Amino acid sequence: MFCAESSPGRGFRPTLNRVTETPARPAKQVEANDYDSFAEGYAAGAENDIMTAYLARPAIVDLAGDVSGRRILDAGCGSGPLFAALRDRGGIVTGIDSSAGMLALARRELGEEADLRVADLGDPLPFGDGEFDDVVSSLVLHYLEDWGPTLAELRRVLRSGGRLIASVQHPFVDYAIQDPRPDYFATASYTTEWTFDGQSFPMLFWRRPLHAMTDAFTTAGFRLAAISEPQPDPAARELFPAEFHDLSTRISFLFFVVEVPDRRD
């Protein structure tokens, strides 16, 4: 499953119980990340968590800028908080996610009129060429072994001059701070366990070096417009004083803005 925000909420932070690293391989990704099994707990925690509500989500919104009247695909919309934020700013938003459970929560929050569809980013997307002005993908790509097919599809559904705004776990986080991996330059999987209500759930992520990320965007036909390491929203300082200091002085997520070259350029 590919969901929008990969860091569970306050009280639901992922606990790294065991890491198993394997080299990249062409085989299909192992089934994991079953958000349907913990959708309620995840959505309840992530809604007001400092990592998502005060960093990952507002950073995407800030990078998107004025979205009034723009057709936006929220790729991996989860329970819909980013969808809601962009819609509130005038965006015409469509949300997709492979978890029916997360989409049910999104529909409950966003209303029956919200354009929400079950779709897996590993498959062809149910949209026409050039259907969107922007795609946002918050903390999704690090679930994928191979970015190529997904980025090709996202580029296809974007118009000429359209933008993809995406965030991932910073490639230096686990290399420099926690559980250092033996080979920074390898693309490899690792597993962790997230705990909700005393029950553990396995999560599978893929590590890759920074150059592999930028190469994947350019290979898919995007032009790199910005790489950003945003600070948390200052409003979090009083709500999460200890966490705010840590989050504002250490690396966490990395944000990209990439563009489809305008045919007139």
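No lab work stands behind these numbers, since they all come straight from the coordinates. The structure displayed is predicted, hence computed values, not measured ones. When we count neighbours, we look across all protein chains shown, and the Cβ atoms used for this are built from the backbone with ideal geometry, even at glycine.
Values as computed for the structure displayed
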item	result
Two-site FRET efficiency, Asp36 against Glu131, from Cβ-Cβ distance with R₀ of 22 Å, rounded to 0.05	0.20
Spacing of the two label points (7 Å from each Cα toward its C-beta) at Glu229 and Ala212, in nm	2.0
Student exercise, the range 165-265 dipole from Lys, Arg, Asp, Glu Cβ charges, in Debye to nearest 20	380
DSSP beta bridge pairing in the range 70-199, given as percent antiparallel to the nearest 5	5
Cα gyration tensor shape for the range 114-200, rounded if a/c is under 1.5, else prolate or oblate	prolate
In nm, spacing of pseudo-spin labels at Asp262 and Ala100 (7 Å Cα→C-beta vector)	4.4
Summed residue charge, Cβ within 10 Å of Glu131's Cβ, Lys/Arg positive, Asp/Glu negative	+1
The range 188-224 and the range 41-64: distance between their alpha carbon centers, rounded to Å	18
